[in-house]
Amino acid sequence: MADQTRIRGVHQLTDGALASRAADGDPEAFRQLIVRHSSLLRAYVIRIVRSTAEADDVVQEAFLIAWRRLPELRDPEAVKSWLMRIASREAFSHLRHRAADMPLDHVVERPSPTLQPESCVVHDLQLKALATALDRLPEAQRQSWLLREMAGLGYAEIAEELCVPVSTVRGMIARARASILVQMEAWR
């Protein structure tokens, strides 16, 4: 009975409280962090590696690394951005190690069942156009844009992740946005 009450209570804790408990060795607290953040990490990693199967592997590895490194987390309230940085590092590392001649899988997103077929087609074409625009960006700009727009990291966090000054991050994101805007002009 006490275990069930403790498990039910874990669902109501903040991310920071869960991270603190998980760092102290509470596997249920870490499991709850996984439940809360796995879909966001997965969606983000899919955008980077362009394969749902590979993204699942990368996200799983990111959570394993996070579990091992939880005691190193300085600010438990920042666990979400910390997880995003780990997933980002793992995703880009995965890309570097993937064979150069391996074709990229297309991401298949399930459209809402309430959408009409024409809307689904337009949505798919817009996503393909955005993917093409992202692929045309220089690697640093693409990484910066993904970390900002998909992971929701701040400029300082991106600068720390990429080991560049904040001003460089601002410039890369501005150039990436301008390039994407030009390439997506037909969809406005």
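Considering only the range 67-85, state which residues are in a loop (DSSP other than H, G, I, E, B) and among the hydrophobic types (A, V, I, L, M, F, W, C).
L73
Looking at the range 32-47, is at least one residue small (G, A, S) and open to solvent by less than 20 Å² (accessible area, probe 1.4 Å)?
For the range 32-47, residues small (G, A, S) and open to solvent by less than 20 Å² (accessible area, probe 1.4 Å): absent.
Residues of the range 148-173 being assigned to a helix (DSSP H, G or I) and loosely packed, with under 14 Cβ neighbours inside 10 Å, which ones?
Within the range 148-173, A156, S167 qualify.
Give me the residue from the range 44-74 that is touching a residue at least 40 places away in the same chain (Cβ under 8 Å) and more than 25 Å from D135 (Cβ to Cβ) and, out of that set, farthest from the chain's Cα centre (by Cα).
Here the answer is P71.
The values are calculated or read from the model by the stated rules, or taken from the named source; none is laboratory data. These figures come from a predicted structure and were not determined experimentally. Quick reminder, even Gly has a Cβ in these numbers, built from the backbone with ideal geometry, and neighbours come from all protein chains shown. Accessible surface areas use protein heavy atoms only, side chains included; no ligands, DNA or RNA. Shrake-Rupley method; radii C 1.70, N 1.55, O 1.52, S 1.80 Å.
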